[in-house]
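The values are calculated or read from the model by the stated rules, or taken from the named source; none is laboratory data. Worth saying up front: this structure is predicted, and the values here are computed from it rather than measured. Because the Cβ atoms are built from the backbone with ideal geometry, glycine has one as well, and the counts that use them run over all protein chains shown.
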Amino acid sequence: MCSVKEMADVTGEKRSYEYIDPATFIFNNKTYDDVICIVGKPEAEIDKISAVKCYLVSQSSVFRELIKTSDDEVRITDVSPDIFKLILIHMYGGKLPPMKQETLAQLALAACSYNIQPLVAKASTEILPKSTEDVFPALTCVANVPCPNLEPHVLQIIREKTTEVISSDQFLNLDAKCLEYIFRQDKLSATELELWKALVRWAEKKAETEPEKTRRQHIQSILPYVRLSSFSPEEIGQVVAPTRILTAEEGMKLLTAVSSNQPSELFGICSIQERREKFDPIQENGSSGEVGNDTNAKTTHIFDVAKLASLTKDQSNTVSNITVNTLEKEIEIVSFRLESNPIESLGGHPVYSLKCNITVSKIKSGFCKETFVLDIGGRIIGSSDIEFPVKLRSGQPLILEAKNIYNFAFEFTAPHPVYTLPAPNTSLENETITVKFNQLTHVKAFSYQV
């Protein structure tokens, strides 16, 4: 046993060394590395980055699955090498360097993809927006991953400064999820006509940068939230029709419905006839510029199955089930995202057609206590994944009460693309819900409001 003097000497010797950041130490000592990560998108720069396996598997369920099914190399195609190195710094316990807001947003999205929730929270809190100019990175985060602390600030700016947001050049660089997030809001400060014109500008820019898709295909997932049925016949004829985004048949049906004051029956196009409510900051918050006073405001979340678990495309199937366990708050299911299933061609464009009956059963003590039924389906032009808005047959929203269990049984009239999860009865969760899957799922993601 060493004496007090000997211990003091050892302590003094240790103190003579400077503190080394843990991540820096691991990066500089490659002898601890035991897995190679090949990082980068195929069309971009690809880098081989060695890493310490135990850090990856201990902090990420996604890496756990990836490494379990591979030997000494892991292929990572959805993250850039620079962002992956930032993830490693966090996992190794190091201090993250100062970053631009755009980089922080990319880091938060990547962390969510690999289910590293502490890093999601850390990155998202660093991009708190204060104006229209700096809202876009934060908007990218809240539209794609759950950011409950960030979302009220984004909503305040989006609702109060809608015209400034959609007029910005940065708006044209947003992804479709961000536009869905904006157009889903019940209250905005821009008119529906301004929103439509902004959407057309965005679609034209997207068609230039991503020419493999048409303008219609780029905005297909956003159209269910654009209130075209609230337009006047003159607006449809002078503003909507000349864009040629709707087919001639769709344009005529929409015009006929509006002229006769009837809801349109065009699937994938919003049938709401009422104008979107104008956002009033004084009425909402008590005084302009105060964030967080509206205790009744709902926040939107995306439960992205494909980001939380490794999915493998399987043979088509007609049935699947998921079970949703709500926690402390009630939630409203807003939409389901399903795989496209083109079956024919219309004017050179693939047509996505389906019909699905969804039975929602409230389970208590192992028994069904209440049942709700809803339908989704129709014909959609385009081949990308589609968001299907959810309403009960009565037209009411689907509300799941807090601290309850609900089973969703999906039954399609024809076999539909389905995915296999890594194991039977897989459970995935976030801060508001837990979702349990049988081994098959038609649902790739769903959005809900709390």
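Values as computed for the structure displayed
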item	result
Single residue of region 159-190 satisfying the filter (more than 21 Å from the chain's Cα centre (by Cα) and in contact (Cβ under 8 Å) with a residue 40 or more places away in the chain) that is farthest from T132 (Cα to Cα)	S189
Qualifying residue in region 313-333 (condition: within 21 Å of I222 (Cα to Cα), modelled with pLDDT of 70 or more and not assigned by TED's automatic domain parsing to the domain that holds C147)	yes
Checklist (1) under 23 Å from N430 (Cα atoms); (2) out of contact with any Leu (no Cβ under 8 Å at 6 or more places or on another chain); (3) aromatic (F, W, Y) applied to Y32, failing item	(1)
Scan of region 203-238 for residues that are more than 22 Å from T256 (Cα to Cα), assigned to a helix (DSSP H, G or I) and in contact with a His (Cβ under 8 Å, 6 or more places away or on another chain), ordered by number	A203, K206, A207, Q217
Residue count for region 29-53, restricted to those that are touching a residue at least 24 places away in the same chain (Cβ under 8 Å) and either charged (D, E, K, R) or surrounded by fewer than 14 Cβ atoms within 10 Å (Cβ to Cβ) (or both)	6
Identity of the residue in region 417-450, farther than 18 Å from L398 by Cβ and of a type in the set (A, V, I, L, M), that ends up modelled with the lowest pLDDT	A423
Condition met for R215 (at pLDDT 90 or above, charged (D, E, K, R) and touching a Leu at 6+ places or on another chain (Cβ under 7 Å))	no
Flag if A198 is hydrophobic (A, V, I, L, M, F, W, C) and touching a residue at least 24 places away in the same chain (Cβ under 8 Å)	yes
Which numbered condition V200 fails, given (1) surrounded by fewer than 21 Cβ atoms within 10 Å (Cβ to Cβ); (2) assigned to a loop (DSSP other than H, G, I, E, B)	(2)
Residue list for region 107-161, restricted to those being more than 29 Å from E65 (Cβ to Cβ), in a helix (DSSP H, G or I) and polar (S, T, N, Q)	Q156
Sole exception among (1) surrounded by 15 or more Cβ atoms within 10 Å (Cβ to Cβ); (2) touching a residue at least 12 places away in the same chain (Cβ under 8 Å) for V57, by number	(2)
Breaking point among (1) aliphatic (A, V, I, L, M); (2) modelled with pLDDT of 90 or more; (3) in contact with an Asp or Glu (Cβ under 6 Å, 6 or more places away or on another chain), for L172	(3)
Criterion: among the aliphatic types (A, V, I, L, M) and either surrounded by fewer than 19 Cβ atoms within 10 Å (Cβ to Cβ) or in the same structural domain as F183 (by TED's automatic domain parsing) (or both) - qualifying residue of L223, L254	L223
Conditions (1) surrounded by fewer than 18 Cβ atoms within 10 Å (Cβ to Cβ); (2) under 24 Å from L311 (Cα atoms); (3) out of contact with any Phe, Trp or Tyr (no Cβ under 8 Å at 6 or more places or on another chain); (4) among the aliphatic types (A, V, I, L, M): number failed by I67	(1)
Residue within region 75-95 that is over 25 Å from F25 (Cβ atoms), acidic (D, E) and part of a helix (DSSP H, G or I) present	no
